[in-house]
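Below: the structure, in structure tokens.
The values are calculated or read from the model by the stated rules, or taken from the named source; none is laboratory data. These numbers were taken from a predicted model, which means no experiment stands behind them. Cβ: placed from backbone, ideal geometry, glycine included. Neighbour counts: every protein chain shown. For the accessible areas, the whole protein counts, side chains as well, though only heavy atoms, and no ligand, DNA or RNA atoms are used. Shrake-Rupley method; radii C 1.70, N 1.55, O 1.52, S 1.80 Å.
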Amino acid sequence: MKKDNIQEKEDKNQGAGSSGKEPGTMAEDQMGKGQKAEKQKAEEGDTPAEDPGQDDESDKIAAYEKQLIDQQAKLSEANEKFLRLFSEFDNYRKRVNKERIEFAKTAAEEIIIALLPILDDLERASQNAIEQDEKAAEQEGVVLIYNKFKTILRQKGVEEIAARGADFDTDYHEAITHVPAENKKQKGKVVEEVQKGYLLNGKVIRHARVVVAN
């Protein structure tokens, strides 16, 4: 009877050993799995959920950036237009000032041209008075009027064109006739002035009428 009991205990021990793990080890494994599951849940709980408000903020920032770029482009375009208009106005101002100065210089051109024949008459009268040896008072009066008239015209910018002995220049001289040159040096020179020519502020208002040696 005792032998049978001993045999049964041995059989039980062998059956427990054949399960591969001791009961204590299995309990530890089950506890480890539970702890891992709880840890995973805790980690999942710590992970913040996606906030829909963040998407709205990103959209607003993107919209503001686009508006900023658009405004910068408009500002650049407006600046270019301003610089272009300023340049055009500056050119216009310079042109107007130049035209005003030129107009002021030549405003009396028609009147002065109309007075030139009178100047010619006064010049001839003063020469005749000197050549005919008129009375001193009369001679002095004619010469005085001629010189005064000539001085006033000079103050207004009128100048005589050099003619006698100068090289013939079509810009200033008008040849009414040609004569043979007495020597090589005289060739192409003005040998006689028939009518004086005049400049008004550097502009020819009447060409000098001359005789040229060829």
Only one of (1) at positive phi; (2) in contact with a helix residue (DSSP H, G or I) (Cβ under 6 Å, 6 or more places away or on another chain) is not met by Gly165, so which one is it? (2)
Before we move on, is Asp167 modelled with pLDDT of 90 or more and among the charged types (D, E, K, R)? yes
So how many residues does the stretch 94-108 have that are open to solvent by 100 Å² or more (accessible area, probe 1.4 Å) and at pLDDT 80 or above? 6
Can you spot a residue in the stretch 126-142 that is open to solvent by 70 Å² or more (accessible area, probe 1.4 Å), out of contact with any Lys or Arg (no Cβ under 8 Å at 6 or more places or on another chain) and closer than 16 Å to Glu193 by Cα? yes
